[in-house]
Amino acid sequence: MPSTALLHGRRHLRRFVKLGGGVALLASAGCAKFPPPGTTNSNFTQVTFSMTVQRQININYNYVVAITASPLVNPPPQGAPQPVFDPSKNPNGFVAGSPTHYVMFNAANENIQPFQLYRFALQSEIPNPSDPTNPINLKISAPSTRGVITNFQPVNAGTNSNPGTSTTLQFTLFVNLLGDTDAQAQALQTLQVQFLNMNTTQATSSRVIDFLGTRGTPNFQVVDLRTSNQYSSNSGGVQPTGDCPDPDVGIQSWSISVTPAG
């Protein structure tokens, strides 16, 4: 997991400690519930994300789905999540724009809870003096307190020396997890989505990253939550293959399926 700073809900701020170049929050004991409320809810739209790499899912790599959740039908494109090419110039090292959430694959929990939902802090919660124009504080994120992702495809990740068998990551996110309240989640109409695969989030000369679009023209997928639909690399989504030097990073194909409630 990248060394992002941690925020544990609007009402659960306690104390911060330095973690590398960022800030980590120590959550107070006794707050967690399992299963957390809001994990799944048939009254909310389901969105299934699937991403296949060119060779195998690598236990040592970072696989992220970055999301900007919006109540607008046509949210501004500048708020969409975008890749970071130079981690040393970005507060979290992997995503830019104004993403509200991201889901990260955690190989250590691949048989229990392999997909962790994180929420970025708002400027109104924790101001960021270095970038006061962004409504999202890209320095601060933490595991969502709204619930956990329980619907996913089993993963057997591997390394170059000990190959696994999985080439695809797939999970289903209930939209109620993307609002601080059910009312906020019900108001959401659009997601802007970016797939981000990296061998590391650190600023090194050997860093490799792949994403939707090309380095010259990064892309993102707009997802309409109001109707049943499927978006994919085979239906108009530009996703070149063979352009990534590491096949464990390179995106072979992807899809996003929307199933409205009811």
Inset, instruction - Find the strands (runs of 3 or more DSSP E) located wholly in region 64-153 whose residues include 1 or more that are within 15 Å of residue 175 (Cα to Cα), and list them. - result: 101-105, 115-122
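Residues are listed down the side, and each one gets a yes or a no for (1) among the hydroxyl-bearing types (Ser, Thr, Tyr); (2) modelled with pLDDT under 95; (3) at negative phi:
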site	(1), (2), (3)
203	no, yes, yes
219	no, yes, yes
222	no, no, yes
232	yes, yes, yes
239	no, yes, yes
249	no, no, yes
256	no, no, yes
261	no, yes, yes
Legend entry - Number of the condition not met by residue 109 [criteria: (1) at pLDDT below 95; (2) over 28 Å from residue 188 (Cα atoms); (3) crowded, with 17+ Cβ neighbours inside 10 Å]: (3)
Inset, instruction - Could you name every one of the strands (runs of 3 or more DSSP E) located completely within region 158-252 that has at least 1 residues being surrounded by fewer than 20 Cβ atoms within 10 Å (Cβ to Cβ)? - result: 168-174, 190-198, 221-224, 229-232
Inset, instruction - Please tell me if residue 255 is farther than 19 Å from residue 94 by Cβ, loosely packed, with under 13 Cβ neighbours inside 10 Å and not hydrophobic (A, V, I, L, M, F, W, C). - result: no
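The values are calculated or read from the model by the stated rules, or taken from the named source; none is laboratory data. In this text the structure is predicted, and so the values were computed from the model without any measurement. Positions of Cβ are generated from backbone atoms using ideal geometry, with glycine treated the same way; all protein chains shown enter the neighbour counts.
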